[in-house]
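Right, one structure below, let's go through it.
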Amino acid sequence: MLKWRLPVGAALIALLGSLLWLDGRMQGEPSSFMPGGQVPGGAVLAGFALLTLIPLLAAELTRLLRAGGTRAWPLGASAALAAGSFIAVAAHAWNLETVATWAALLPLAWLLLPLGQLLRGRSDRAVADLGRWMLVAVWIGAMPACWIALRAGVPWMGLVAAVLAVKSNDMGAYFAGRFLGRHAMAPWISPKKTWEGFAGGLAASVGVGAWAGVQCGAGVGAGMAFGAVASVLGPLGDLAESILKRQAEAKDSGRLLPGMGGMFDVMDSLLWTAPAAWWLLGTASA
């Protein structure tokens, strides 16, 4: 496991670094399509996410739901719904309000499905459809787009620091839990997560979050606040994915990344923390 985790992790870091470098190089280039006639920050990252990340997350979510005995929408439909939400959030951050409005029409129109079930008196099916909508449109569509929205308003190094604040929580929790862990948080979902690990993750995330606040121009206080919030939302995202995996009786969400599992396994904590990053680090620096 470890022999794969290290090289795959290094490859992912190199890929992210290359995308950020290209994103920084493209930012400010002439573009008649964008407001101000320039390519905004996050455009390259958004294009990559739409072509790779969103379809992969949609595929893994669909697979987990079906393996757990839950009806899922066709993969193409789920990917389109997630993409509509992603584009709506990113376009709003770039002040492309017309694009954002048209993109939002797809996920909003999708809500007619649970409404139709409710009008037929099928409340159980309405709740199920609404749950599927939340998983696809919000979890794997709007949430990752919040990282693009953050990048639109902060330097690329600010985005790196914010991501590290989230991932430092994972690392701090791992080492503290491994050497000090005694009391399990939710053994029925994830028996390896402990309260001692949570404390270690909190300390690491707040520390790196302070640096992220400076890099984003939001200040140390906003950065520490983000680190504290991320130390709660990150594990919740991990636990939420663990519920799906347990229901599906799967160890990982996929086999795309040897030693790490699937894209969901890598992104679980980053998805739930993305809105907080945009709110605490993006708006504070605006």
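The values are calculated or read from the model by the stated rules, or taken from the named source; none is laboratory data. Just so you know, these numbers come straight off a predicted model, no measurement behind them. For neighbour counting, all protein chains shown are included, and Cβ atoms are generated from backbone atoms with ideal geometry for every residue, glycine included.
Structure notes:
Condition check ((1) aliphatic (A, V, I, L, M); (2) farther than 30 Å from THR62 by Cα; (3) more than 17 Å from the chain's Cα centre (by Cα); (4) not in a helix (DSSP H, G or I)) across all residues:
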| residue | (1), (2), (3), (4) |
| --- | --- |
| GLY200 | no, yes, yes, no |
| GLY221 | no, yes, yes, no |
| MET224 | yes, yes, yes, no |
| SER231 | no, no, no, no |
| GLY237 | no, no, no, no |
| GLY254 | no, no, no, yes |
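- Restricted to region 230-286, and to residues there that are touching a residue at least 12 places away in the same chain (Cβ under 8 Å) and of a type in the set (D, E, K, R), the residue that is surrounded by the fewest Cβ atoms within 10 Å (Cβ to Cβ) is GLU249.
- Filter pass, GLY172 being over 23 Å from TRP156 (Cα atoms), part of a helix (DSSP H, G or I) and at pLDDT below 90: yes
- Meets criteria (in contact (Cβ under 8 Å) with a residue 24 or more places away in the chain and of a type outside the set (D, E, K, R)) for ALA128: yes
- Residue within region 102-121 that is of a type in the set (Lys, Arg) and surrounded by 13 or more Cβ atoms within 10 Å (Cβ to Cβ) present: no
- Looking only at residues in region 61-101 that are under 22 Å from GLU241 (Cβ atoms) and among the aromatic types (Phe, Trp, Tyr), the one that is nearest to the chain's Cα centre (by Cα) is PHE86.
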